[in-house]
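Here is the structure we will look at.
The values are calculated or read from the model by the stated rules, or taken from the named source; none is laboratory data. Because the structure is predicted, anything quoted here is derived from the model rather than measured. Quick reminder, even Gly has a Cβ in these numbers, built from the backbone with ideal geometry, and neighbours come from all protein chains shown.
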Number of protein chains: 2
Amino acid sequence: MIQSQEKSDRVLVRISELTVQKADEVVWVRARVHTSRAKGKQCFLVLRQQQFNVQALVAVGDHASKQMVKFAANINKESIVDVEGVVRKVNQKIGSCTQQDVELHIQKIYVISLAEPRLPLQLDDAIRPEIEGEEEGRATVNQDTRLDNRVIDLRTSTSQAIFRLQSGICHLFRETLVNKGFVEIQTPKIISAASEGGANVFTVSYFKNNAYLAQSPQLYKQMCICADFEKVFCIGPVFRAEDSNTHRHLTEFVGLDIEMAFNYHYHEVVEEIADTLVQIFKGLQERFQTEIQTVSKQFPCEPFKFLEPTLRLEYCEALAMLREAGIEMGDEEDLSTPNEKLLGRLVKEKYDTDFYILDKYPLAVRPFYTMPDPRNSKQSNSYDMFMRGEEILSGAQRIHDPQLLTERALHHGIDLEKIKAYIDSFRFGAPPHGGGGIGLERVTMLFLGLHNVRQTSMFPRDPKRLTP
Amino acid sequence: MIQSQEKSDRVLVRISELTVQKADEVVWVRARVHTSRAKGKQCFLVLRQQQFNVQALVAVGDHASKQMVKFAANINKESIVDVEGVVRKVNQKIGSCTQQDVELHIQKIYVISLAEPRLPLQLDDAIRPEIEGEEEGRATVNQDTRLDNRVIDLRTSTSQAIFRLQSGICHLFRETLVNKGFVEIQTPKIISAASEGGANVFTVSYFKNNAYLAQSPQLYKQMCICADFEKVFCIGPVFRAEDSNTHRHLTEFVGLDIEMAFNYHYHEVVEEIADTLVQIFKGLQERFQTEIQTVSKQFPCEPFKFLEPTLRLEYCEALAMLREAGIEMGDEEDLSTPNEKLLGRLVKEKYDTDFYILDKYPLAVRPFYTMPDPRNSKQSNSYDMFMRGEEILSGAQRIHDPQLLTERALHHGIDLEKIKAYIDSFRFGAPPHGGGGIGLERVTMLFLGLHNVRQTSMFPRDPKRLTP
């Protein structure tokens, strides 16, 4: 066991660096034993480091005894080993490894951390496309087994790619917004009142009282606008106590939130948000092509398409498209999930885009703080954004006038006492402003064409799952 | 009220851009009324935008009637106005404004958002240094008034500077780590068991059961290491149900967390973390000098000093220094807060640094998962880092062997059943690894030489404060 007994000058070479340039060099490598197979006086190993792997060989001879070959053959899969070996060019490409032109002839092998002999799931099964499993009767791994053993499931090339790309989404989001002059803020998650409606809120025991988990950072983002930060963003957990067991709901997810003051029209906000998403899509396609390809090997899907500038449809236009497709819907009715998806397909057919904005939602289906449309009292200055026909962002111009906010809250039957602090925030001068919240896991899922948000949450939380 | 009635081509000029280069131009500006003072047929206003302000003037004449002057004089402070005016060079510098060489001769003025007439606190009082308040008998604002009216308190130049700098800390932390090859992860905050000890944990009602709020992302960071991400970081809320009412404890704070696999010695980790902090300090001094100066006007302090490479002392050396200064302490005793501060002063005198590492803590005072020192069974491979004599990071090599981890947990009297998932994470091959968690609010406070962590948390949470 490495207990930091001593420092070492030994250089460990990365598997990704094992190419013909290193042929005939002696190198040290630390890696997992992905597979091992003894064959007479030889043992073939595949050594793995993240998404890279290389074939290695222990053969009875000058550098290895019979015992050593036997020892190597008996190392449990997923154990971590240090090996010293010579890099050798191979005559025939090794199709099953990422390092196809070389193999490693092992001279020494040490076990750094031994895995237990029985793995709860096999990595090769975990990256097998469903279709291959079905057609060829080969094993795949079901979602609960994956999630119960997430530490192993996350080692697959698919998982590594998904979460590297997700890290990239956060990076691109911040990079774009910092360049646009936004300030990053940190908002509290424990709050004293369920200011956004009490139904879907988790209760926390807070010393001798109760507190709640924030359902969004919205109030605090708005307070920062009232406090002159002008353009703010934050990335953090969002909590929803909804007993929804669907492919796209989690009880805890990561919100990418934006709020900004605008000058004259909330479309200034809509354009900033849409452009931020476009910069993310472009950045992912430029910088994460390897990851996108890796995931598509297991989960094939069409590349994500988007337009510049982003397509913006008004709600009434969407209604007309749906009605033309035979759907019956009232003017002030919200979109159901099936209609949302159908609309996505219709938009894709007509405009060839997987990303669009739906603007001017009916006032009746939006929260009380949504600014009404000054030209049509049944409409509002609010919008959703969609990827592959599923909602990933909801936003609006917010009411910044305490008088109107009070009226709208009363209209919605909200207890004014509970939202007093919220309304009071606007009493000392508040600029017109708007914003929106993006679900990180949904963006990752839909960009990659995956079908369950649990694939894009490292440790998902839903009504039935709290572990690991 | 701006309700997005129509789009406008009008260009709003920033106050920071109002310089002699713009002399005699007609411009539109949106700003807050910082002060207004009528004087005969004139009204002088100071208009403010974030940390910038400019003098403006409405005078009876071609462009303004007597009524308009009266109207301008009666606009409540902190209201937001749109003004059209001519930029005029002034002969004598205006010392009280950031734009000292020009003033704005107003031709039109509209109120965009009216503030209530009585402000709960005056911005000028809120930025007054304590000492000036005491010596000259002028008003300052106490902490509770500030925090109760945080939206206004955050508008001061001091608050704007503090939180812009804090945003910079997060940015520099991520920039440095991404360049070092770290991957950003998102860890769940709702957890099923109080895996780090049950005393200081908040309980959440989770549908029909109980859950807890994570006291740190440590378990999940370690699981990511076991899942081959090798080097990870995260920024997120950390919850501690401690009934501590001190200048440096919050019940919810922001953790900057790092975890990484290492090759041979945990000092590889210590060096990466220390270098990350040094890059943050350097970046702040390079990019945020204006903010540092602004804060120091209200809260004077010595510039933050650090060495390269970072000073690393062993715990026994610190004990010797304290004993030499007359403190009586046992070899296996933890540092009390006063001794921590004294040690900071002794280190500053001897080494001229405000930042140092204390390594090799007694095993007895560290958590069960801390790797014992292989050469001295009473010591451990663990460390704290200090800024201006206060702890900002705690970290260690973690035990990555399930057998030893079980032994140490039993030694600490921990119920193995409750940490089963934690221990099981290491059963399928785990590399040696270590890490640490940094408190964002503490780093901001101590870098700027402030004296209360509530100054560096936008909306602080402590046992007595849950609002706003």
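The residues listed here are A:Tyr351, A:Tyr356; of these, the one that is out of contact with any helix residue (DSSP H, G or I) (no Cβ under 7 Å at 6 or more places or on another chain) and assigned by the TED database to the domain that holds A:Tyr266 is A:Tyr351. For B:Ile152, the test of being aliphatic (A, V, I, L, M) and either within 18 Å of the chain's Cα centre (by Cα) or more than 8 Å from chain A (Cβ to nearest Cβ) (or both) is failed. Considering (1) buried (at least 19 other Cβ atoms within 10 Å of the Cβ); (2) more than 10 Å from chain A (Cβ to nearest Cβ), the lone condition that B:Ala199 does not fulfil carries the number (1). In the set (1) touching a strand residue (DSSP E or B) at 6+ places or on another chain (Cβ under 6 Å); (2) of a type in the set (A, V, I, L, M); (3) farther than 25 Å from B:Pro117 by Cβ; (4) within 14 Å of chain A (Cβ to nearest Cβ), the condition left unmet by B:Leu47 is number (3). Taking the criterion of being buried (at least 24 other Cβ atoms within 10 Å of the Cβ), farther than 26 Å from B:Leu405 by Cα and small (Gly, Ala, Ser), the only residue of region B:425-454 that qualifies is B:Gly439. I'd like the full set of residues that are more than 19 Å from A:Cys170 (Cβ to Cβ) and at the interface with another protein chain (Cβ under 9 Å from one of its Cβ atoms), limited to region A:221-238. Passing the criteria: A:Met223, A:Cys224, A:Cys226, A:Ala227, A:Asp228, A:Phe229, A:Glu230. Counting only residues that are under 23 Å from the mean Cα position of the chain (by Cα) and not β-branched (Val, Ile, Thr), region B:245-270 holds 11 of them.
Which ones in region A:11-25 are surrounded by 13 or more Cβ atoms within 10 Å (Cβ to Cβ) and out of contact with any strand residue (DSSP E or B) (no Cβ under 8 Å at 6 or more places or on another chain)? Residue satisfying the conditions is A:Glu17 alone. Taking (1) surrounded by 19 or more Cβ atoms within 10 Å (Cβ to Cβ); (2) within 14 Å of another protein chain (Cβ to nearest Cβ); (3) touching a strand residue (DSSP E or B) at 6+ places or on another chain (Cβ under 7 Å) in turn, B:Glu116 satisfies each apart from (1). Apart from one condition, A:Ala214 fits all of (1) buried (at least 23 other Cβ atoms within 10 Å of the Cβ); (2) over 21 Å from the mean Cα position of the chain (by Cα); the exception is (2). Whether a residue is loosely packed, with under 13 Cβ neighbours inside 10 Å and out of contact with any Ser or Thr (no Cβ under 8 Å at 6 or more places or on another chain) was assessed, and B:Gly344 does not pass this test. Would you mention how many residues in region B:410-468 are free of Cβ contacts under 8 Å to residues at least 24 places away in the same chain and touching a Cys at 6+ places or on another chain (Cβ under 8 Å)? Of the residues in that region, 0 qualify.
For region B:327-351, a residue qualifies if it is in contact with a Lys or Arg (Cβ under 9 Å, 6 or more places away or on another chain) and part of a helix (DSSP H, G or I), and the qualifying residues are B:Thr337, B:Lys341, B:Gly344, B:Lys348.
Scanning region B:98-111 for residues that are within 23 Å of A:Cys226 (Cβ to Cβ) and buried (at least 18 other Cβ atoms within 10 Å of the Cβ) yields a single hit, B:Ile109. Of all the numbered requirements in (1) in a loop (DSSP other than H, G, I, E, B); (2) among the charged types (D, E, K, R); (3) surrounded by 14 or more Cβ atoms within 10 Å (Cβ to Cβ), A:Lys93 misses one, and that requirement is (3).
Count of region A:192-239 residues, restricted to those that are part of a strand (DSSP E or B) and either touching a residue at least 24 places away in the same chain (Cβ under 8 Å) or not assigned by the TED database to the domain that holds A:Ile414 (or both), is 10.
Out of B:Thr140, B:Thr176, B:Thr145, one residue alone is touching a helix residue (DSSP H, G or I) at 6+ places or on another chain (Cβ under 7 Å) and not assigned by the TED database to the domain that holds B:Arg240. It is B:Thr140.
Residues in region A:156-191 that are without any contact (Cβ under 8 Å) to a residue 40 or more places away in the chain, within 8 Å of chain B (Cβ to nearest Cβ) and outside any helix (DSSP H, G or I): A:Pro188, A:Ile190, A:Ile191. Among the residues of region B:52-88, those that are away from chain A (no Cβ under 14 Å), out of contact with any strand residue (DSSP E or B) (no Cβ under 7 Å at 6 or more places or on another chain) and not in a helix (DSSP H, G or I) comprise B:Val60, B:Gly61, B:Asp62, B:Ser65, B:Asn74. Of everything listed in (1) more than 10 Å from chain A (Cβ to nearest Cβ); (2) without any contact (Cβ under 8 Å) to a residue 60 or more places away in the chain; (3) crowded, with 22+ Cβ neighbours inside 10 Å; (4) of a type outside the set (Lys, Arg), the single unmet condition for B:Glu286 is (3).
Entry remark, region B:125-144: residues being loosely packed, with under 15 Cβ neighbours inside 10 Å and closer than 30 Å to B:Glu84 by Cβ number 0 in total. Restricting attention to region B:157-206, the residues being at positive phi and at pLDDT below 95 number 1. When you check A:Ser65 against the structure, is it farther than 19 Å from A:Val27 by Cα, surrounded by 16 or more Cβ atoms within 10 Å (Cβ to Cβ) and hydroxyl-bearing (Ser, Thr, Tyr), yes or no? Taking the combined requirement at face value, the residue does not satisfy it.
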